[in-house]
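Here's the structure we're looking at; comments come further down.
The values are calculated or read from the model by the stated rules, or taken from the named source; none is laboratory data. None of the values given here were measured: they were computed from a predicted structure. Methodologically, a virtual Cβ is constructed for each residue, glycine included, from the backbone with ideal geometry; neighbour enumeration extends over all protein chains shown.
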Amino acid sequence: MAMVGTAAHAQLDTYSAMPSIWDAELSPDGNMLATGCSPRGVREICIFDLESGERSIVPEPEGATITGFYWPNDSYLVYWIRSFQRVDGQYAGESGFTSRRAVSYGVEERTNAILLGRYSNVVGADDITSSLAGRDDVVAMELTLSVDQEAETGSRLGDRRSQETVAYEVSLEDGGMEDVLHTSNGSVLQFVLGAEGEVVAEVRYDDGNGRYSIHAADGRRRTEIYSGSHRVELPYIHGLTDGGAALAVYFPELGMRRLDLASGDRSAYEIDGRAMSDVDPIVDRITREVVGFSYADDLPRQRFLDAGLAGLLAELDQILTEDSVTITSWSQTRQKFVVRGRNIGEPANYYLLDLGTGGLGLLDVEQTVPEGVSVPPRRFVRYEASDGLEIHAWLTTPPGTSPDDGGFPLIVLPHGGPQSRDIGTFDWWPAYYASLGYAVLQPNFRGSVGRGHDFVAAGHGGFGTRMIDDIIDGAHHLQAEGIAREGAYCAVGASYGGYAALMTALRDAENVACVATFAGVTHPFAMLGGRGNTGYVRYWEAYMGSRFADADYQDSISPMERAGEIDQPVLVMHGDQDTTVDYVQMEMLEDAAGDRSNFRFVTFQGQDHYLGSQAARRALLERSGDFLTEHLPVD
């Protein structure tokens, strides 16, 4: 067995390391700074007093992972956690369920409190709908509850005889419910609240027929301003706009639109003549106002509606040398800002800007790269799929090389989602493989985001067919161009990407040398079982096809059902606390593979879907790196 050498293991330390900084947020007054940090190889929060220089750390909670954070006011930081719970119940996954909670951290007392902690049986009690501007002791949170005659339980667990949506005033000191702000019946999917907790609009949804409607609020009066049937992907309200006179809503078929609360008119956003459609709003979390939009071409970009922020970004573009400069956080006085700079394929730089002093200093670098180590170069490529559709992709090659140095052993690494994408930011996973001497192709196959609704819809029905062929076409393109060496290549991926890697081995069997997956789907239609005609099922059926389709079709896109056809070496890895792609998906493939010697199955104990620790990343890279060098040698 060809094992990864000493030099490669040194690279393991570099590329398996968790980011030194993965987010940064200023408090409203600008005196405190919280950064996502990883001093112990897991996601934690470092808090700095910018006046005194003192630092404190919010550690990773036992049995949970920190997923994000923000400052609702100057006294408290709120952070979100995700944890795995093993239970036996009708609504739990095969191996359990994942709970999401919001936690407050008191800066002076350095104490934590789980918000709405009384609802311990609610899967997702983490929705903060308003910071309640001017209040330092409470925030507004929302739950959709299922109420029966004897108990009030979360909508994911318990008897769903009736429902109500409730907005609570929640104490940041102890997490308890202070007051009920608003309540409504089961037809209300969510409230849209303003900066002070007032109802601006209600969203109603009928899960049976997919009818979605938005109702403007004027006191107790509700006026329908939009309705439509959305059986696959629902619109999403991001925040207020035009001084509270409109909502910023993402409509799947149209993109981002301004929805006037008085007239119901929908209009497109434009900034400097550029249509803001396939974008994500930038929302001020205190005012709830949309101040601009973020999007990505090769790297993250921003365009601001707010003239002050737009002018500042233009100045920063002239001062900083990175190709992509974005503003990630600011104080409410607009005196202090966190700025991020990126170049293609390189770790991001985080800066702190203080307009009061004129200071612009480096906070930290996303990933530490040892002196003398070159990060593998990353390049945008495009190619034509076999049916003529243009596909965009990212290619990472070994350090110090270019595609002209061609003849590299090739790994295709499709992304998960599948409604996601890869861009030119630093990516530790392909960077590691490239450091071993491989070229790594990450195709944005049809069904990926970033090129409009039509490109996403082009993937519908192609879950295990046309989307897979786009990936295979990319491998053949690189071989034809002389960038990848002729002959076999390997397929690697996670989540949908892991499924795609297995299907690549089936649809291009003569050319695939090996497959490695993490948390991959192995039996797509098993993910839909027992869920009825829900929005979740309709979404996945758009990609997969009907769950009532004939058995031959279902089997044809199931690696589990076709395990006997896979002759290549296969490494299958999965976390036993994964509920996004349930751990049972690996167990089903393992049962189907039986005693076939070409399959290896590895359980990552205590890990979920997201590789959120250095230990998990290192295990993935080390296992797969050894496997790849065994079955697709570099030399």
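Quick notes on this one:
- With a requirement of 2 or more residues that are within 20 Å of G493 (Cα to Cα), touching a residue at least 24 places away in the same chain (Cβ under 8 Å) and of a type in the set (V, I, T), the strands (runs of 3 or more DSSP E) lying completely within region 379-476 that satisfy it span 390-396, 410-412.
- Any hit, region 500-509, residues being surrounded by 24 or more Cβ atoms within 10 Å (Cβ to Cβ), part of a helix (DSSP H, G or I) and of a type outside the set (A, V, I, L, M): yes
- Restricting the search to strands (runs of 3 or more DSSP E) fully inside region 10-121 and requiring at least 1 residues that are among the acidic types (D, E) and outside the structural domain of G575 (by TED's automatic domain parsing) gives 23-26, 44-49.
- Given (1) at positive phi; (2) buried (at least 17 other Cβ atoms within 10 Å of the Cβ), index of the condition E587 fails: (1)
- Of the criteria (1) of a type in the set (G, A, S); (2) crowded, with 23+ Cβ neighbours inside 10 Å; (3) assigned to a loop (DSSP other than H, G, I, E, B), which one A549 fails: (2)
- Residue within region 311-330 that is among the hydroxyl-bearing types (S, T, Y), more than 26 Å from G452 (Cβ to Cβ) and crowded, with 20+ Cβ neighbours inside 10 Å present: yes
- Criterion applied to T534, T517, T504 was being within 15 Å of V581 (Cα to Cα) and of a type in the set (V, I, T), and the one residue passing it is T517.
- Any hit, region 448-467, residues being under 24 Å from T580 (Cα atoms) and touching a strand residue (DSSP E or B) at 6+ places or on another chain (Cβ under 6 Å): no
- Selected residue [buried (at least 20 other Cβ atoms within 10 Å of the Cβ) and closer than 28 Å to T14 by Cα] from P370, P347, P377: P347
- Conditions (1) buried (at least 24 other Cβ atoms within 10 Å of the Cβ); (2) assigned to a helix (DSSP H, G or I): number failed by T522: (2)
- Subset of region 353-364 that is aliphatic (A, V, I, L, M) and surrounded by fewer than 17 Cβ atoms within 10 Å (Cβ to Cβ) - its residue that is farthest from the chain's Cα centre (by Cα): L355
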